[in-house]
Ligand code: ATP
Ligand code: MG
């Protein structure tokens, strides 16, 4: 490919809307272009890398026995109503109507569609197991599209769905997909961790996320270096600190003027934060009946803990979008809560959720539901009861590992994939059944498996760049090498570049010849920004058959004969492709 013919425009400036390196560099390199917030187009170089990731995904899915299909993005509402998700999915779903007012959505995911297709065709155990996948465009009207391809509103996902007759089969399908994911992300050159993930209302140990490690990742991961525990923070179980075996002291109200925070009240009363309890006031609407009365929820956790919203919404059986922090003034009128001084005693007409740890911890300090007052020696059972008692706290760095008890560590990651045992979540409501050897009917067990293809591209750039630009891994580089011709008017240089190009191309490398009428500095800068793994520079020494060989990831700019440079490039390519 000649650089002079390439549809390419690189930017020197950092685009103002981009905050993180992958977003900045993909825009600056002209690999993607923004249309509107969260919607991007791929230009030739970006599209080449994207197709390479897709090809890796395709090869590994095929090798794992999955069959490729392509479903429509446009999906009828009826299927989502059948599964019960038309409301539950919430405002992230792009909904639309046709000219006859029939409702549709642009698919944010495809469980319903695959369940529907498979139930039309599968009826016997002989047709199972089955695994179907597609690489297709998804739509989600994200509340906060950001970071370019990492959280966009239109993106490409690989989604696979497995269909099995029993748990053992589902387990095999899940393991096969898990192993295929490891191969995909290894081949893309990502540093990642597979961690246990939340599986929503289904519960159990049914899901893993693959997280590319990165400080800009939105996913918090907690892991233990002493055992194999690794989970998203939202999923991680918590091992409660056992409460001290002390006597319950008499409840006492204290005047605590102006102490609206845990820090302030603990200091005022000379307590440790863990001797207090924290109130979090929330409100929820009914997703199936948004006009119904708002439901208020008061959650209590130990003063030094953080609320885990995922655990809370799972316990409430509500989708996360239906729950938000309460309008405290409105809530006060209905429930008796008092901003900064809310405790479980004196609250009414709301759902009280208490963290398990509070039940075993004696003599805590809590708000008195009265301005400038707290209670001390509050005890569960004697002084208050909750509607729900469950673990609703976040496991954080330094907390005790729920498996082995060592202090856990935390890291941030970009979720690039997730595998999920669905069981009968869709097959039962949508009536996807098979009959066994004895003509007995059973629901099919399903799994679903997603990879964010466009997000993976960004995650690779996030992990592989320096101040000058992208450093593509060989496997997904848009081109493997660039031959930079210092003076394209010099026929000796052009002809040497041509012969190197021919050798590399014959060996399977994809090569750009940069023969633009630009200053060498511009060409070097662009080559660094675009991130081709290998650069061969053909300049003055071409007359003696000498070129310079340099790797984008670092190392010296080395003089070599043209043949040596081609040999080195071919060898590296074969090792890393
Ligand atoms: P997140 O928690 O980041 O919103 P998710 O868990 O909702 O993602 P899934 O439904 O598991 O996403 O989708 C499968 C994969 O699709 C994710 O692992 C991720 O790689 C990718 N993905 C999801 N949402 C987006 C998005 N808005 N932009 C780009 N990729 C996405
Ligand atoms: Mg996910």
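Quick notes on this one:
- Helix 520-530 vs. the chain, principal-axis angle (Cα, 0 to 90°, nearest 10): 40 degrees
- Theoretical FRET efficiency, 1/(1+(r/R0)^6), r = Cβ-Cβ of residue 10 and residue 179, R0 45 Å, to 0.05: 0.70
- Rounded to the nearest 0.05, the FRET efficiency derived from the C-beta distance between residue 492 and residue 144 at R0 = 45 Å is 0.20.
- Taking Cα atoms only, the orientation of helix 562-576 departs from the longest principal axis of the chain by about 30 degrees.
- The Cα atoms of the range 479-576 cover 34, 27, 22 Å along the three principal axes, with the biggest extent listed first.
- Restricting attention to the range 252-390, close to 70% of DSSP beta bridges with both partner residues there are antiparallel.
- Normalised convex hull volume, the range 252-390, alpha-carbon set, Å³ per residue: 95 Å³
- Here the extension length gained between residue 383 and residue 327 equals 17.5 nm, from 0.36 nm per residue of separation less the Cα-Cα distance.
- Sorting 119-130, 242-253 by their mean Cβ neighbour count within 10 Å, with the most densely packed peptide first, gives 119-130, 242-253.
- Mean Cβ count within 10 Å, highest first, over the residues of peptides 87-99, 374-386: 374-386, 87-99
- Approximate spin-label separation residue 522-residue 100, in nm, with each point projected 7 Å along Cα-to-Cβ: 5.8 nm
- For the peptides 441-448, 346-353, 72-79, the ranking by mean Cβ contacts within 10 Å, running from highest to lowest, is 441-448, 346-353, 72-79.
- The convex hull around the C-alpha trace of the chain, projected and averaged over every direction, spans 33.3 square nanometres.
- Tilt relative to the chain, helix 167-187 - C-alpha long axis, 0 to 90 degrees, to 10: 50 degrees
- Counting 0.36 nm for each residue step from residue 253 to residue 575 and taking away their Cα separation leaves a gain of 108.6 nm.
Since every read-out is calculated from the coordinates, none of them should be taken as a lab result. Note that the structure is a prediction, hence the values are computed from the model and not measured. Virtual Cβ from ideal backbone geometry, glycine too; neighbours counted across all protein chains shown.
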